[in-house]
Each structure stands twice: as structure tokens, then as C-alpha cells.
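**Student:** Here you go, one structure.
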Amino acid sequence: MRSWCCLCFTSDDEEEQDSLPPLIKADHFIEDNNYKHSVMADDGNFAIDDGAFAIAFENSNPYDEANRPPSLDSAMHGIVLPEDHGGSWRAQGESSSGSVVTPMAVDEECDRDLHNKRAKVYSNSNSRHYTTTASQHVGKSSSSVDEDIALCQASNVLPGNDFFYSNFKWNNSNGSPFDSSGGRNDEDESDTSKSEDVEVRMDLTDDLLHMVFSFLDHINLCRAAMVCRQWQAASAHEEFWKCLNFENRNISLEQFEDMCQRYPNAIEVNIFGAPANHLLVMKAVSSLRNLEVLTLGKGQLGDLFFHALAECSMLKTLNVNDAALGNNIQEIHINHDRLRHLQLTKCRVARITVRCPQLETLSLKRSNMALAALICPLLYLLDIGSCHKLPDAAIRSAATSCPQLESLDMSNCSCVSDETLREIAATCPNLRILNASYCPNISLESVRLTMLTILKLHSCEGITSASMAAIAYSSMLEVLELDNCNLLTSVSLDLPRLQHIRLVHCRKFADLNLRTIMLSSIMVSNCPALHRINITSNSLQKLALQKQENLTTLMLQCQCLQEVDLTDCESLTNSICEVFSAGGGCPMLKSLVLDNCESLTAVEFCSSTLISLSLVGCRAVTSLKLTCPCLEEVCLDGCDHLKTASFCPVALRSLNLGICPKLDKLKLEAPCMVSLELKGCGVLSEASIDCPLLTSLDASFCSELKDDCLSATTASCPLIGSLILMSCRSVGSNGLYSLGGLKKLTVLDLSYTFLVSLQPVFESCLHLKVLKLQACKDLTDTSLEPLYKQGALSVLQELDLSYGTFCQSAIEKLLAFCTHLTHLSLNGCVNMHDLNWGTTAGQLSESIGVYDSSLFSRDDASGPGEQPNRLLQNLNCVGCPNIRKVFIPPIARCVHLSSLNLSLSANLKEVDITCFRLCVLNLSHCTALENLKLNCPRLSSLFLQSCNIDEEAVASAILQCSTLETLDVRFCPKVCSISMVRLRTACPSLKRVFSSLSA
């Protein structure tokens, strides 16, 4: 069996060749990275699927039509198929009775069917042919082609993939033995056979393709070349192959030589990590005369390479990384007249001499040479970082030999001394960038670097406060980094151009004094001894000084400062408030974070620009006074000792003071506030609230809030629509009468209060829609009479009487005549015995002669003298221990009831409900339930958890529930898992049945 892929083939078993049938119908898949190549043969049509190719032509200029060979007979390497579909498949060179038929010359009509990418094989009377490759050059012998095929088989340009290099060869090809439609372009074919291929042109000019392909890398250019001849020619354009990148590729010398011949004008070559590095680079230097950038490494470079560099006259950049230089010789010489950038990083050599008159940048980082002699008069950048073997004298000699030096990196050169720096400062007057990090012998004593703009001194143990005198002479300094300078105790600098400074992990650093108008960034962190900071700047906008536990004094004169973060600065005192208030030196401050500043006790800010303030975790704060008219956000989480708070004025839209349980006095002036939460301020006794736009006020559990405070609040906040006074036990009738000024009040919660009369509510809150009276045990049975006798609160929709002491009669009257209620909660009402709406309506209509007849004239009334349809939608009677029977017949007219909750009613025995809109019925934990009758065609969920009802009663009850989907019978002892079949039979619409019992 043979597998065909790209330009190469393999023979697994030659004995199988004779056993192939005349018509081959097989797919040979070769997994290659993300590509799957498929070879198919059927009825004389041999096709290659997307991602596979088998042809390659070569021409130095693929756009030159004149260079195409008149005949490709001598350039083809074919695979011969036996005559008449018989015999075996053979490659050229094998003994066979079949003859090799070469393709015809390329026809002028070469652009047919550009969309078709499938190659075909046509047969004649003698044999069938499939062409696999073409010669690299016109007229190239078949033996040379065989070598090319072997080369492709051995190549591994992409790991595990011949695709990359094979397409290199194809991209430079001239044409194809096939036309653009994938078929043979035989002149002997009839006009009829030619007309079978419909002409389809893609209107893409060469210029347009060139523009599009300029955005592709080499891999994608190779993929594009597989589309059609036009794309193949366009992708092989020399402009796209100026850079030959073989980094970490397994390319052989022959392959590399071939690429150099194909693209002699390449200007950049990268062979870093390629095998036989020294051979490849010698070939590149000798073959590519226009080479400008050369990158190599991971190997050994002999002395011959550095001598050959002179032949590469156009070379401008040389990058050598992780290589051994020389052949056991002591010194390497690099001489080049045009070289501008040289990088020898992590290289191993004893001594090196660089004589490059045009060299501008040189990097010797992490190389282990002991001497570096530089004759580079134009060098302006020198990097000798981590050259541990370079002695101080060698560093001094190298740097001082470059008078034009502007940037010097000598980090991790432990031998560098102040004397070397002084000589460098004297001989290199243009030095602007100096990195002397990890140089322990540097103290900058008597060093004057006047033109310096960037100075990095990380982990320099010799840097002390005395070094600041030398740094002060660098009047042009813009960046200063002093991280891990453990002997540094104070920094005092007056540098007009300083923009960035870093002080991180300086253990003894205690005092910072900066006077620099250009300072825009400061990083001070993990300096445990720091206690004083004084900064003057006109450019600083953000200041972060987190976790400075000993910082006690902060003085700022920063006209543009907008954000300050002082999180975990535990030693800051109340004097910090003066710094950020008006006249304190930060007139543009917008955001201030003082989280966990536990030494603050009295916080007072007066600022016209402050927008955000965070005091999270400031547990010692007892007094807060904010006069910040632009303040929109304040966080007080954890301020649990706050007693007095004043917000006058602020721009807050919402405020939550419920997290301050000790708050006693509150003054609030917020013209934009719409929501205020005082829930939990149990000792709040004085509150002045002036919020004209306030719509929601939650004063739950404010047990000390009195009537005068409530009256003043309602007078200054006329737009309140929701008022929660739950457990406000000091509120009485006078306070409730003041609610008459709230024309938009629709929600009122008076739960857990000591009210004895609801008359103030009925008279003052005429627009109430929601009234909650949970556990108001002082209300009598007559307290609700205005609701069902006088028609009070006519727009009331939701009423909560849970855990009250109202009698059965009052509840029945309420249910009978307050037909406008949509939500009613009677949870835990111990005096409620039955919910029987079968006869109550008729009896009550006769017994109550004073009932307002207007209630019966509603639009939803069925007729004269009849009760109107109830608007009730949700009825909750959870945990009513004395309720025994629930009877809701059609006469009750509960046409809108959709949810009924009777759970935890332990004595409930009988339920009979006829309700055509009921959707949810909850009877869970009604342990005494025996009889259940339901006529609820829209019921979708029925909950019967822990009920003693048997399966027959359940099945009978759900017969009339044609849309029931969810049934919960968990922990029902009389309903076993076998009963599920019966229940599903009784109600076919069931989708979910919850049962906890096993069979």
C-alpha cells in the first residue's frame, strides 16, 4: 500500500502492489499537524483534497510568462499507472511495462476554474499518469529531481511536518502540469471535453493579491499557494521572502543552500537553534550578498565566521545568543565597516575585540568574557549587564573608550567602583541612561552625572542618604529607582524634571521629601520605617501609599492630585483630614481611600471636588462630618462605633447607615438622594433629613425614632413612596397623621409596632397600595372595620395581617368584601378556623346593612345584588394551626386566584377548591389532610410533602387538573413509588414527580 503526501512517498509493502484492484476506491489519510491529506482514485479521477499538494515548479521570476519552458517533458518526475487499470502503481525508476507519459506544455488558457483546487489524473489508451513533482530548474535532470524528493523526505522544517519546506519549493515554481481547474491541459482532448469545465474567474489583480498577501506570514503564504496558480505565483513574490526565519527548525545544509539560491536577495536570516549552526551561517554569509540582519546561536562559532563577516558588506545587525565563540582560541576579533548593531548575549569567550567604526549599539549581557576591547567611536548604547568576569578596570576601559556613550547598563557587575563612575562621567558627557543595579560597591561619592535622565540603583547596598547629594547634581533626571537599598534612611531631592521614583522594600527608609513640579508617578511600598512624607508636585495625579503602618505625617502640595489610596496606614491621625480638605494642598482631589486606618477617630472633610470616600474598617471613628457637595459615593462598612454623622451637603443618591448600630444623631442634606436605609440604627433618636427627591426610606428597627422626627422628615421629603417603619415602636398617632403630606406614599410597613388604631393610616394614606401589619398584636377586631364597612383605602392591593390576633369573623368579612385586594397574607393567624366561601358571602350581605353599596357597583360585578369578582391573586395562610377546612366553590368568584399557600396547617383535613385560574397550590406538611378535591384546569404545581393522604385521593384529585406538570409527594407515607404509574395515568400532563420512597 502506498501513501502519498506532499512531494514524497513511501512504500510499505511492494508485494501489495499487484493486489490492488483496477478501480481504486480508497482514502489515504496522513495526519500532519492540523492538515489532513486525502488521496482518492475513482474512475480515472485522482484527486487531492484541501491541504494536500503534489506538484512543484520552479522559476526565479514566477510572474515572467516568457520564462516558462515550452515543454516540461524533461522536468517532470511522474508516477506511472499501469495500462488498462491493471497491474500495480509504480514510481518513476521502477521496472514496469508502463511508460512514462510527460505532461503537455502549459496552455495559454491557464486560468480556468480558479476556484477548483482538486487535481485530476486523465488516462489515454496506453497509461494513466499522476505527476507528483517538477524539477527545481528548467531542464533539470531526473536524478536531480530524485535528490530533491529525498531532500523533502528528510526535511523537518516544521517539527513533524514537511509542509513548510515543501511549500518553499512550490512557491518558487513556474507552473503546474495541470490547468487551474486541476485537470491535464492535453491538446488532444476534444472541444467537448474542454467545454465541460465552466469558466469561473476571480476578479483579483496581481496588485491586489500582493497587497493582501503582504499581511501573511510564511506558513500562511504556503497555504495560500495551494489555492490556484495565480495565488501560487503571487505568494512566491520575492518581497514576501526577504526574511528567512528558521529559528529552532530542523533544516539541513542542503535545504538551507537551496533557499539561499532561490532567494538570493534576502536581507534577514534567523537560524537560531538550527542544527549545524556554523555551516549554515557560513553559507548565508557567502551566498546572501544583501544580508543586513543575521541571528544565530545555540552552538559554536569558529574564528572563520568572524573573518568571513567582512565579506558580508551589507550586514548591519548581528545577533548571537547562547553560543561558544572561537575554536579554543583566547581572543575573538570582530571587524566590520558597516555593522551598526551587535548583540553577543550569553556567549562564552575569553577576550573579545570589537573594531566597528559604524557600530551604534553593543550588548554583551550575561557573557563571561574577561576583557572587552572596544574601538567603536560612534557607540551610544553599551550593555554589559551580568558580565560577572569583567573586572573593574576592564569595565572602565570599555566604557571610557566610547566618548559618544548615552546609555550604559552595568547591572550585576559587582566589581564596579565609584572611581569607574567618575571616569565615565568625565569621558562620556552625553551619558543619559545608567543602570548600576546590584553593584554593592557604588555609593556615588563625588560622582557628577549632570546629563543623566534615567538612574536605576536597585539593591545597591552602598547607597545611603549621603548619596542623594550626588544625585541632586543630575538636574536633568527624570526616572529614579532605589528599590531594596537597605541602608537608605531618607531621600530629600529638589529635581525640577523628575517624573518617576520608586522606593520599594527599603527597610530603614523613614523620611521622604520631594520637591519636583514634574513628578507624575511615585511608588512607595513595604517601607516599614517610613513615618514622614512631604511631596510638592504640579503633575502628580495618583498617589498610592498602601500598608505604610508607621506613616504618621503626610504633607502634600499637589495641585493636580485626583486619587489617593492610604489603605492600611494604621498610624494616620485625624490631622490627615486637613491635608485633603479645602486649602490643604490637593484642590483637585476626587477619590480618597482610608480603609483600615484604625487610628482615625473624628473624620471631617470639607471639599468641593471630592466624589468618592471610603472609610471601610475604620472602627475607631465615632464622628463623621462631610461638607462635600460633589460627594457621590461613601463606604462606611465596619464603622460600627460611629455615633454622630453629618452629610451637609452631599450629592449622594443612596446611603446605607444600617451598618452603624451606634448611630445616635444624623444630619443629612442631600438634594439628589432617592434611597436612604437606616435599618438597624437602634439608638437613633435625632435625625434631620432634608432630601427633596427621596422616594424610599427604610427605618426598620429604629426603635428610638419618635413622632417629631418622622413629621420633620415627611415635611422635607414629600416624594417618599415607600416607608418602612417596622419595629419603630416609638412612632404613634401624631407621626402617622403626618404621613398625609406624602401624596405619593404607596408602600407602608408598620409591622411589629404597638399601634392600637389604624384610623390615622386610613385618613392620611389614601393612596396606599401595600400595607403590612405583621404581629401588630395591639390592634383589635374592630381595627379593620373601615376596610370592609366604609371602603377605606380603596386602592389597597396587598395586605399582610400575619401573626395577628384578629378573630374569625373579622377575617371572613375582610375576605368577603375587600374584593379589590390582590395579595393577602394571613400566616400564623391562630384565630382563623375555616376558609369557607360557600355561604359566607350571602350571609354577610344580609347582616351588614351599613356596608357601602358603592362597592357593589364596581365594573367587575356580575349583576345587580351580586358580589363582584374578587381580584385576589395570592392568598397565604401558612402555619394557621386551627384551620380545618378550605372550601372555595365557584360562588366565591375567585376568578383571578393563581397561588394558594396552606402549608404547615397541621389540622387541615379537607380541601375542596374549584378555581379555574389557580396555578400553584401548596399543602406541604398538612399532616391531617384526608380529603382533597380539585377542579383546577390550569393548576401546574401541587405540593403535598409530608401529607398522610393516600394515593387514591391524590389520583382522584388530579383527574381534573389537565395541565398539572409538577407533583411533590415526598415523605408521604401512604404514597409509594409504585403509585407513580397510577398518578401519571390519572394525569398524563405530569412532567416532574418528586418522591423520596423506594419500591
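The values are calculated or read from the model by the stated rules, or taken from the named source; none is laboratory data. Please read these numbers as outputs of a predicted model, since none were measured by experiment. Note that each Cβ is placed from the backbone with ideal geometry, even for glycine, and that neighbours are counted across all protein chains shown. Each accessible area value is taken on the protein alone, full model and side chains, heavy atoms only, with ligands, DNA and RNA left out. Shrake-Rupley method; radii C 1.70, N 1.55, O 1.52, S 1.80 Å.
**Student:** Computed FRET efficiency, Cβ-Cβ of residue 534 and residue 665, R0 30 Å: what is it to the nearest 0.05? Intermediate results must be reported in sequence, preceding the final value.
**Tutor:** Values: r = 37 Å, r/R0 = 1.23.
For residue 534 and residue 665, the calculated efficiency is 0.20.
**Student:** Right, something else. Which net charge results for the neighbourhood of residue 531, defined as the other residues with beta-carbon distances under 10 angstrom from its beta-carbon, given Lys and Arg at +1 and Asp and Glu at -1?
**Tutor:** Values: positive: 532; negative: 511, 549.
Taking every Cβ under 10 Å from that of residue 531, the sum is -1.
**Student:** With a cut-off of 8 Å between alpha carbons and a minimum separation of six or more residues, what is the relative contact order of the range 906-951 in percent?
**Tutor:** On the way: 97 pairs, mean separation 20.3, N = 46.
With pairs under 8 Å counted, the relative contact order is 44 percent.
**Student:** Considering only C-alpha atoms, what is the centroid distance from the range 249-304 to the range 880-951, in Å?
**Tutor:** The range 249-304 and the range 880-951 have Cα centres spaced 89 Å from each other.
**Student:** Quick one: with all protein chains in place, what share of the accessible area of the range 917-966 is carbon or sulfur, to the nearest percent (1.4 Å probe)?
**Tutor:** Values: 840 of 1990 Å².
Carbon and sulfur atoms account for 42 percent of the accessible area of the range 917-966.
**Student:** Right, another one. Output the relative contact order of the range 668-750, whole-number percent, from Cα pairs under 8 angstrom with separation of 6+ residues. Please list the in-between numbers first.
**Tutor:** Values: 200 pairs, mean separation 23.3, N = 83.
It comes to 28 percent, rounded to a whole number.
**Student:** I'd like the Karplus ³J(HN,Hα) series for the range 466-473: coefficients 6.51, -1.76, 1.60, θ = phi - 60°, whole numbers in Hz, and an x wherever there's a Gly or Pro.
**Tutor:** 5, 5, 5, 5, 5, 5, 4, 6
**Student:** Right, something else. Given the C-alpha centroids of the range 377-428 and the range 962-999, what is the distance between them in whole angstrom?
**Tutor:** That distance is 88 Å.
**Student:** To the nearest 0.05, how large is the calculated FRET efficiency for residue 505 and residue 604 if R₀ is 51 Å and r is the Cβ-Cβ distance? Can you show the working numbers first?
**Tutor:** Numbers: r = 35 Å, r/R0 = 0.68.
The value I calculate is 0.90.
**Student:** I'd like to compare 231-240, 399-408: which one has the highest average count of other Cβ atoms within 10 Å, and what's the full order after that? Walk me through the numbers on the way to the answer.
**Tutor:** Values: 231-240: 21.8, 399-408: 19.5.
Ranking the peptides 231-240, 399-408 by packing returns 231-240, 399-408.
**Student:** In square angstrom, what is the accessible area per residue of the range 482-543 with a 1.4 angstrom probe?
**Tutor:** 43 Å²
**Student:** Under 8 Å for C-alpha pairs, at least 6 residues apart: give me the relative contact order for the range 779-818, rounded to a whole percent. List each step's numbers first, then the result.
**Tutor:** Values: 20 pairs, mean separation 24.9, N = 40.
The value is 62 percent.
**Student:** Any lysines with Cα under 17 Å of the residue 242 Cα? List them, leaving off those in the same chain fewer than 8 positions away.
**Tutor:** Cross-link targets: 169, 283, 316.
**Student:** I would also like to ask the following. Send over a whole-number figure in Å² for the accessible area per residue of the range 229-371, probe 1.4 Å. Can you show the working numbers first?
**Tutor:** Working: 5770 Å² over 143 residues.
Spelled out: the 1.4 Å probe surface of the range 229-371, per residue, equals 40 Å².
**Student:** Expressed as a whole percentage, what fraction of the accessible surface of the range 381-471 belongs to carbon and sulfur atoms when a 1.4 Å probe is rolled over the protein heavy atoms? All intermediate terms of the calculation are to be shown ahead of the outcome.
**Tutor:** Working: 1680 of 3330 Å².
Carbon and sulfur together cover 51 percent of it.
**Student:** Near residue 673, within a Cβ-to-Cβ distance under 15 Å, what is the net charge of the other residues, with Lys and Arg +1 and Asp and Glu -1? Each step should come with its number before you reach the end.
**Tutor:** Values: positive: 653, 667; negative: 632, 633, 669, 677, 690, 698.
Charge balance near residue 673 sits at -4.
**Student:** Would you mind working out the accessible area per residue for the range 902-953, using a 1.4 Å probe, and quoting it in Å²? Don't jump to the answer; show the numbers that get you there.
**Tutor:** Numbers: 2070 Å² over 52 residues.
For the range 902-953, the per-residue accessible area is 40 Å².
**Student:** Between the range 543-614 and the range 800-822, what is the separation of their alpha carbon centroids in Å?
**Tutor:** If we compute the Cα centre of each part, the gap is 58 Å.
**Student:** Where Lys and Arg each count +1 and Asp and Glu each count -1, what net charge lies around residue 366 among other residues with Cβ under 12 Å from its Cβ?
**Tutor:** On the way: positive: 346, 348, 365, 389; negative: 322, 383, 409.
Taking every Cβ under 12 Å from that of residue 366, the sum is +1.
**Student:** Can you give the FRET efficiency to the nearest 0.05 for residue 778 and residue 916, using r as the Cβ-Cβ distance and R₀ = 41 Å?
**Tutor:** Details: r = 40 Å, r/R0 = 0.98.
Between residue 778 and residue 916 the formula returns 0.55.
**Student:** Give me the percent of accessible area attributable to carbon and sulfur for the range 569-684, probe 1.4 angstrom. Provide the component values of the computation, followed by the final result.
**Tutor:** On the way: 2290 of 4510 Å².
So the carbon and sulfur contribution to the accessible surface is 51 percent.
**Student:** Does the range 383-497 come out rounded, prolate or oblate, given a ≥ b ≥ c as the square roots of the eigenvalues of its C-alpha gyration tensor, rounded meaning a/c under 1.5 and, failing that, prolate meaning a/b above b/c?
**Tutor:** Details: a/c = 1.82, a/b = 1.22, b/c = 1.50.
Oblate is the answer for the range 383-497, as a/c is 1.5 or above yet b/c matches or exceeds a/b.
**Student:** Can you list residues from other chains, or at least 5 along the same chain, whose modelled amide H is less than 5 Å from the amide H of residue 569?
**Tutor:** HN-HN under 5 Å from residue 569: 547, 548.
**Student:** Whole-Hz ³J(HN,Hα) for each residue in the range 551-566, computed from phi via Karplus 6.51 cos²θ - 1.76 cosθ + 1.60 with θ = phi - 60°, x for glycine and proline: what do you get?
**Tutor:** Along the range 551-566, the couplings run 5, 10, 10, 9, 10, 10, 10, 10, 5, 10, 5, 10, 10, 9, 10, 10 Hz.
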